[in-house]
Amino acid sequence: MEELTFKKILISRTDNIGDVILTLPMAGVLKNKYPNSKIFFLGKKYTKSVIEACSHIDKFYDWDEIKNSENKTQIFTDMGCDVIIHVFPNKEIATAAKRAKIKIRIGTNRRLFHWIYCNNNVNLTRKNSSLHESQLNLKLLNRLNIRDDFKLSEIYQFYGFHNLPKLPEKFISLIDPDKFNIILHPKSKGSAREWGIENFVTLANSLPKEKFKVFFSGGQEESQYIKEKIIPKCPDCHDISGLFSLNEFILFINSCDGFIANSTGPLHIASALGKHTIGLYPPLPSMSPHRWAPIGKNVQFFLGKNTNSNKYCSSPCNINERCSCMENINPNTLLECIEKWNKNSDG
């Protein structure tokens with residue numbers, strides 16, 4: 001393929017925070033290959049803080065605003081893009097991009113509407129792939145003369161998660177500069193299997209208070225649960241649930257040293273920031289760390305223990321109920337890892 005140049009490239013990923021985080025390296029790889037190109041990102045409104053923290057992205061477009069417009073095609077035309085990459089398939093976006101006559105429209109060949117609205121379809125299936133989500137994303141860049149065999153040890157270097165102001169003054173006093181500040185994020189808003197409150201409480205109370213300052217985080221909707229079910233059992237821990245906006249939470253994570261969570265968006269934020277990070281995963285193919293582990297230079301993960309000898313659990317299980325496989329992860333196993341960590345990790 002002849003050497004290509006592009007003025008403006010649009011990455012489209014209109015789903016959740018963790019998915020968006022694992023898509024950001026695409027922007028870094030594109031900037032590395034085409035340093036003079038402008039990289040735009042189309043995402044949901046609530047992921048804006050994550051996307052704008054990436055130094056490789058030149059402009060954020062809010063799909064929640066655009067999708068309600070009667071002039072979607074004109075908005076895409078006005079972007080002036082040479083390329084759109086449909087990382088997360090969306091028929092409305094694909095339709096508007098074609099009508100706007102974006103020259104190169106990349107998607108996977110697994111969606112019927114991509115055969116109609118895209119002109120560069122990549123033979124890519126995510127469901128049964130042996131690759132990590134971030135590696136699958138990067139395979140879409142093959143159509144732009146970029147190699148598609150990135151190792152996980154390479155990918156985190158392309159995060160560019162550096163567009164971060166200082167933590168607001170009103171939150172600085174929460175951080176203890178003489179201790180290892182660690183965040184435990186016990187809930188998942190129903191998006192992941194959970195390790196269990198009892199395990200988080202046991203871990204929190206096992207961390208030596210002379211060395212660690214322990215925070216429990218969660219969204220506004222989880223705050224009451226954390227205040228009532230966790231904090232009374234952890235007298236030396238600090239409740240920060242419901243305290244921050246997403247942007248403030250990113251900055252607070254960046255000011256801390258470690259982060260422990262189930263497979264959630266904030267886990268991927270911490271890993272992208274270079275923090276010591278532990279992710280907790282169930283032995284299920286669709287949720288396994290093989291596909292969804294955090295990537296970064298200081299990451300670890302633990303896999304729930306299946307109750308039988310099979311690689312993956314086959315027991316019927318409701319995501320909103322207790323997961324025995326997850327709860328079988330011993331808090332002492334995490335404690336042994338955490339006690340080896342040192343302060344001042346960075347991306």
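The values are calculated or read from the model by the stated rules, or taken from the named source; none is laboratory data. What you are looking at is a predicted structure, and each value in this text was computed from that prediction instead of being measured. All Cβ positions, glycine included, derive from the backbone under ideal geometry; neighbour counts span all protein chains shown.
List of remarks:
- Within region 33-73, the set of residues being part of a helix (DSSP H, G or I) and touching a Phe, Trp or Tyr at 6+ places or on another chain (Cβ under 7 Å) comprises Lys48, Ile51, Glu52.
- Positions within region 74-97 being of a type in the set (A, V, I, L, M) and outside any loop (DSSP other than H, G, I, E, B), in sequence order: Ile75, Met79, Val83, Ile84, Ile85, Ile93, Ala94, Ala96, Ala97
- Some residue of region 57-73 being buried (at least 17 other Cβ atoms within 10 Å of the Cβ) and in contact with a Cys (Cβ under 7 Å, 6 or more places away or on another chain): no
- From the options Lys67, Lys98, Lys8, residue that is without any contact (Cβ under 8 Å) to a residue 60 or more places away in the chain and within 28 Å of Ile269 (Cα to Cα): Lys67
- Near pairs, Cβ below 6 angstrom, 6+ apart or cross-chain, from region 159-176 (within 24 Å of Gly18 (Cα to Cα)) to any residue that is among the polar types (S, T, N, Q): Gly160/Ser55; His162/Ser55; Asn163/Ser55; Leu164/Asn254; Leu167/Ser255
- Out of Leu112, Leu141, one residue alone is crowded, with 16+ Cβ neighbours inside 10 Å and of a type in the set (A, V, I, L, M). It is Leu141.
- Boolean, Ile183 is touching a helix residue (DSSP H, G or I) at 6+ places or on another chain (Cβ under 8 Å), assigned by TED's automatic domain parsing to the domain that holds His268 and either at pLDDT 95 or above or not in a loop (DSSP other than H, G, I, E, B) (or both): yes
- Set side by side, the residues Glu198, Glu221, Glu248 differ, and just one is touching a Gly at 6+ places or on another chain (Cβ under 9 Å), in a helix (DSSP H, G or I), assigned by TED's automatic domain parsing to the domain that holds Pro294 and surrounded by fewer than 20 Cβ atoms within 10 Å (Cβ to Cβ), which is Glu221.
- Top-ranked residue in region 10-45 [being under 14 Å from Phe158 (Cβ atoms) and of a type in the set (Lys, Arg); ranked as surrounded by the fewest Cβ atoms within 10 Å (Cβ to Cβ)]: Lys33
- Listing of helices (runs of 4 or more DSSP H) fully contained in region 118-180 that carry 1 or more residues being in contact with a His (Cβ under 9 Å, 6 or more places away or on another chain): 152-155
- Residues satisfying the stated conditions in region 1-32, i.e. under 22 Å from Leu164 (Cα atoms) and either assigned to a strand (DSSP E or B) or out of contact with any helix residue (DSSP H, G or I) (no Cβ under 8 Å at 6 or more places or on another chain) (or both): Ile11, Lys31
- Scope region 283-332; condition assigned to a loop (DSSP other than H, G, I, E, B), under 22 Å from Ser206 (Cβ atoms) and at pLDDT 85 or above; matching residues: Asn298, Gly304, Asn328, Ile329, Asn330
- Any chance Gly258 is more than 19 Å from Lys170 (Cβ to Cβ), surrounded by 15 or more Cβ atoms within 10 Å (Cβ to Cβ), in the same structural domain as Gly296 (by TED's automatic domain parsing) and at pLDDT below 95: no
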